[in-house]
1. Just how many % of Cα pairs in the chain lie over 35 Å apart, if you round to the nearest whole percent?
2. Note down the nm distance, to one decimal, between modelled labels 7 Å out along Cα→Cβ at residue 336 and at residue 129.
3. Can you compute 3J(HN,Hα) from phi for each residue in segment 141-149, using the Karplus curve 6.51 cos²θ - 1.76 cosθ + 1.60 with θ = phi - 60°, rounded to whole Hz and x for Gly and Pro?
4. Pull up all non-local amide H partners of residue 164: gap of 5 or more, or a different chain, and H-to-H distance under 5 Å with H placed in the peptide plane.
5. Mind putting a number on the dipole of the chain about its Cα centre? Charges go on the C-beta only, +1 for Lys and Arg and -1 for Asp and Glu, and I need it in Debye to the nearest 20.
6. Pick from 312, 323, 279: which is most flexible by mean-square fluctuation in a GNM of the chain where alpha carbon atoms under 10 Å apart are linked?
7. Exposed loop sites here are GluC sites (Glu not before Pro) in DSSP loop states with at most 12 other C-beta atoms within 10 Å. What is the longest stretch of the chain lacking them?
8. Counting helices only, and only those DSSP H runs with n ≥ 4, report the 222 nm mean residue ellipticity of the chain as the sum of -39,500 (n - 2.57) divided by its residues, in deg cm²/dmol to the nearest 500.
Amino acid sequence: MKGSRRTRLWIGAVVLAPVVVGAVLVGRHGYDTTLLFADLAHVDLPLPDRRPGVEWEEAEFTVGRERRAADVYLPAAAVRAAIVLVPGAAEGGRRDRRLVEFAEALTRSGFAVVVPDITALRELRLTPDSVAELSAAVEFTRNGPLTAPYLGPDRRLGIGAFSVAAGLAVLAALDPESGHEVDFLLLVGSYYDLTRTLTYLTTGFYSAGQQRRDLEPNSAGKWVYALSNAGALRRQSDRAVLSELARARLADPEADTQDLLAQLEPEGRAVYDFIVNQDPGQVEPLIDRLPAGARADIAALDLAGRDLSGLDARLILVHGLDDNIIPFGESLALAEAVPPGQAQLYLLRGLQHVDRDFDSLDAWRMWRALQALLAQRD
């Protein structure tokens with residue numbers, strides 16, 4: 001046996017020991033869950049694996065009169081459920097390496113997986129318009145020419161969303177036209193109160209008390225938000241300057257951008273002042289100074305102001321205790337906002353927002369979250 005494979009097996013035995021024991025004790029779904037976990041943890045297990053292979057095809061769906069691309073993953077066996085997967089703000093979009101890996105692993109577990117191209121998220125923008133794209137992807141998954149033959153009325157359909165896309169998933173599940181199609185939501189690193197989340201992201205202050213005081217917010221998050229709001233500016237020159245400034249600070253948080261800052265018009269400067277503010281007491285006044293489009297987007301994307309009692313989908317919420325972009329208190333708040341028993345919440349130490357790094361304690365919690373997901377196949 002080669003050294004690298006021997007090492008992976010040893011690590012797998014140590015990390016997955018409690019998981020394998022749990023699989024034996026739990027029984028149902030346990031074996032499949034353990035294989036899925038091993039895929040995601042990148043470890044080899046000396047266990048028989050008879051899961052199907054993966055068939056992939058590129059497809060198109062329509063949003064109004066516009067066409068959008070999507071990747072469709074189908075198991076080379078019977079489809080047991082379907083899921084629409086959406087990354088957060090990631091330039092890789094539907095081809096993000098982490099998302100592709102997850103899609104393939106889920107497909108081997110019996111899911112038909114559709115990964116739509118959500119344009120704004122690929123451009124690092126968060127906009128309410130993306131809800132319509134996601135709703136259209138849900139409709140395509142249920143009724144599209146590639147997936148419909150495999151999805152009868154008894155097959156469950158869900159949305160899996162990461163980071164800021166989790167809010168879009170909740171809004172799509174509330175959509176009166178397509179929301180009834182959504183049976184479950186897998187949300188990783190979700191927000192609930194958008195103003196509270198932005199307050200933490202810009203100032204490091206989190207009012208709900210569910211965040212470590214020594215955990216500084218990731219500066220990249222606020223510059224991604226600056227990029228998102230560049231599109232709300234009325235002047236093309238202002239949009240270009242703010243985008244360039246935000247990308248410079250994304251590449252180097254200490255970059256000298258004074259020359260770009262001097263070129264910003266009042267609207268662009270209002271966005272910049274909001275991003276760099278460190279006083280929690282100034283957040284709401286600064287939001288009031290944002291361009292009208294930016295304020296409208298915050299209101300439209302906020303979940304805290306909505307009645308979620310009509311949300312039919314089951315929620316599987318996964319959040320990192322050390323998340324320094326969206327505090328884990330947001331998933332706690334979301335779980336509390338839906339009827340009792342509708343949400344299952346899993347808090348992990350080895351999850352950095354949406355990047356995973358399992359340890360032996362988190363292995364069991366993640367295994368349970370994956371088991372809850374696989375249970376949606378029945």
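Read the figures in this text as sums done on the coordinates, not as results from a lab. Just so it is clear, the structure is predicted and the values come from calculations on it, not from any experiment. Don't worry about glycine lacking a Cβ; one is built from the backbone with ideal geometry, like all the others, and counts go over all protein chains shown.
1. 26
2. 3.6
3. Running phi through 6.51 cos²θ - 1.76 cosθ + 1.60 with θ = phi - 60° gives 5, 6, 10, x, x, 7, 9, 4, x Hz.
4. 89
5. The calculation lands at about 1100 debye.
6. Most flexible of the set in this elastic network: 279.
7. Working: sites that count: 91, 177, 254.
In short, 255-378.
8. Only helices count here, giving -13500 deg cm²/dmol.
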